[in-house]
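The structure under discussion appears below in the form of structure tokens.
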Amino acid sequence: MEWSELNYIDATGYHFPDYPTTLAWLTEKYKGIYGQDIYVEPDSQDGEWLAIQAKALYDTAASGASTFNSFAPPSAQGTGLARLVKINGLNKRPATYSTVDLTVVGQAGTVLGTVGAPATAVDTLDQKWDLPIGTVIPGGGTIIVTATAQQAGAVQAAANTVNRIFTPTRGWQTVDNVNAATAGVAVETDAELRARQAISTANPSTTVLEGTAGAVANLPGVVAVRPYENDTGVTDGNGIPGHKISIAVIGGDVTEICETILTHKTPGCGTYGDTSEVVNDPKGIPSLIAFERPADVPIEAEIVISINSGYTSDYADQIKAAVAAVINQFGIGNDVLYTRLFIPAYLQGTPAFGTFDIVSIEISRDGDPVAAANVDIAWNERATCVVGDITVIT
């Protein structure tokens, strides 16, 4: 057998042998030169030398597979994936700052902040939030702007907690946040980038709604997007009026989101949501554009397990982390299905697997009694979970 029969590319992809097969092939070729009776066991010098060559040959083949797979988004990783998605006009997102939509009230014409000295609000935890430089309060006396946390990372702020003015400005009267802040995130993971790349391919789609959602999803700071459309003449079950669309968006700047929706939506189609802003089209004609800011729904879980040999208390934390991660992946408007939590909770593929059995998993919505039942999530909500809200009982 030749090496080309073990390491090759065909219509089904890249193929290469595992290390034992590579060592066996190399050993057979070695014996073909020096005789079948040569001693090449692992404790011999020849055996050790064959092992080194086999490992080098296997690593080279594995590198070839990695290179081959780096040309497709589903299998590319790291820098290779970041370079590949540039074809879709995407860049891997760096770590971000938390943002919050603030309702600013004051005298019309008041300018807030200058370069180097932004207008700043502060929340009940004394965390500071900078307003966009040069924010101007319009004629109505109220404007919604997206403020940015001064500290990077997952800075949290519940609704109605960013309610104090830190930099007093004449004409600026009050500030408040109707919705909770969108927490900053770490550097975008490969899985997140792959998901965003899949959404971005909807930009040139024949479905205008999906194209609009794809464009919004590609904006800086946007974490998740889900579009809704009511093409009937009456209000639907979600409360969306007839002949309107509603784009549910987590993260991102209010103005950029509204401008993007205006650019991509169908002319004459209305928009609906709890957040809105007047933006101008390319001809300077103002339009009121609205979108929805989904509310976070905390999910609690109680997991009862029976212990087997080898179980340690550290595994409870791993169970909590695995379950919380899955709950946070359900996304906007998707019910939390409690049966989906069993597989990740078993920690398959880790040393903990097999050291315990799951007796039951029960979940609840924000303080309700836990039960072995799904948790309903509205169209404008998103399930969230932290490790501290999960209890593991042995």
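So Tyr58 clears everything in (1) surrounded by 17 or more Cβ atoms within 10 Å (Cβ to Cβ); (2) touching a Lys or Arg at 6+ places or on another chain (Cβ under 9 Å) except one condition, right? Which one? In the conditions (1) surrounded by 17 or more Cβ atoms within 10 Å (Cβ to Cβ); (2) touching a Lys or Arg at 6+ places or on another chain (Cβ under 9 Å), Tyr58 misses (2) alone. Scanning the range 177-187 for residues that are crowded, with 19+ Cβ neighbours inside 10 Å and either assigned to a helix (DSSP H, G or I) or at pLDDT below 85 (or both) returns Ala183, Gly184, Val185. Just one residue in the set Thr148, Thr124, Thr110, Thr99 is without any contact (Cβ under 8 Å) to a residue 60 or more places away in the chain and either buried (at least 18 other Cβ atoms within 10 Å of the Cβ) or touching a Gly at 6+ places or on another chain (Cβ under 9 Å) (or both); that residue is Thr148.
Say we look at the range 337-394 and pick out the residues that are among the β-branched types (Val, Ile, Thr) and over 27 Å from the mean Cα position of the chain (by Cα); which of these is nearest to Ile299 (Cα to Cα)? Checking each candidate, the answer is Ile393. Just one residue in the set Val145, Val185, Val178, Val136 is in contact with a Pro (Cβ under 8 Å, 6 or more places away or on another chain) and of a type in the set (A, V, I, L, M); that residue is Val145.
The set of residues from the range 278-304 being farther than 27 Å from Thr99 by Cβ and modelled with pLDDT of 95 or more comprises Ala301, Glu302, Ile303, Val304. Candidates Val279, Val249: the one that is crowded, with 18+ Cβ neighbours inside 10 Å, within 25 Å of the chain's Cα centre (by Cα) and not assigned by TED's automatic domain parsing to the domain that holds Gly140 is Val249.
The values are calculated or read from the model by the stated rules, or taken from the named source; none is laboratory data. Treat the numbers as computed from the prediction; the structure is a model and nothing was measured. Every residue, glycine as well, gets a Cβ built from its backbone with ideal geometry; the counts of neighbours run over all protein chains shown.
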